[in-house]
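The values are calculated or read from the model by the stated rules, or taken from the named source; none is laboratory data. Predicted, not measured: the structure shown is a model, and the values here were computed from it. Ideal geometry is used to build each Cβ from the backbone, glycine not excepted, and the neighbour counts take in all protein chains shown.
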Amino acid sequence: MRKFFCINDVLDREHSGWLNGLTEDEIKTPLCYKTKVSLNNKNPNGEIIRVEEGIHKEKILTLPYKYKDKKTNISYLSTELPASKISLKLFRNKKILFVENVGKFNVEVDKKIVKGKYNLLIPERPILKILNPEYFSEKIGGSRFVETWFRMISEKGKQEDIFLHYGSYSKGCVTVLNNRSFSVWNKIYLTLMSCRLNNKYLAALLIT
């Protein structure tokens, strides 16, 4: 019987919520924190896993060990699978995002984003673009996870470049704004990554 695990121990600044696996052709494939996988085998180079959800579903990858020496191999895998279900609601006119059991957050919303139901995809890859360095400083409300954006898929199923992310105003997106007293994005990120609707989506978002 296949046993399931998830990617864990990648919340430090070195990983910022991501772990690269390698395909058989040694192509790097990023997996986000809490990605569900199954373990096929182990060898001196790492653990051979099958991805069980998200855009990389069914890919076979080799994950590095977190630590290894002649006697010990420590894994990045955990049996604590994401299982929570929450709802998110965005009030366009008030520019407020409500995350169930977490709180209310100030946002900017592009005018082109229409009201309706959306689902948040399991993140595909870190968004490696030039960002304001202050976004990464948790001392002033930033987050080490600012390169993780959540793609929003409308109920109609059309995939567009619409994301929920942290920062300042961003064209075509819902942007969670800074609060210098605490890291709002840390709270939202950690909550969403522990949730699942199914093997494709994290949670639902209703825009009113």
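Here are the numbers:
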quantity	calculated
Candidates Glu47, Glu14, Glu53, Glu58 - the one that is among the charged types (D, E, K, R), part of a strand (DSSP E or B) and modelled with pLDDT of 95 or more	Glu47
The one condition in (1) under 27 Å from Ala203 (Cα atoms); (2) assigned by TED's automatic domain parsing to the domain that holds Cys173; (3) touching a residue at least 24 places away in the same chain (Cβ under 8 Å) that Ile96 fails to fulfil	(3)
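Quick grid of which residues meet (1) at pLDDT below 95; (2) over 12 Å from Leu120 (Cα atoms); (3) surrounded by fewer than 17 Cβ atoms within 10 Å (Cβ to Cβ):
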residue	(1), (2), (3)
Met152	no, no, no
Gly157	yes, no, yes
His165	no, no, no
Gly172	yes, yes, yes
Trp185	no, yes, no
Leu190	no, yes, no
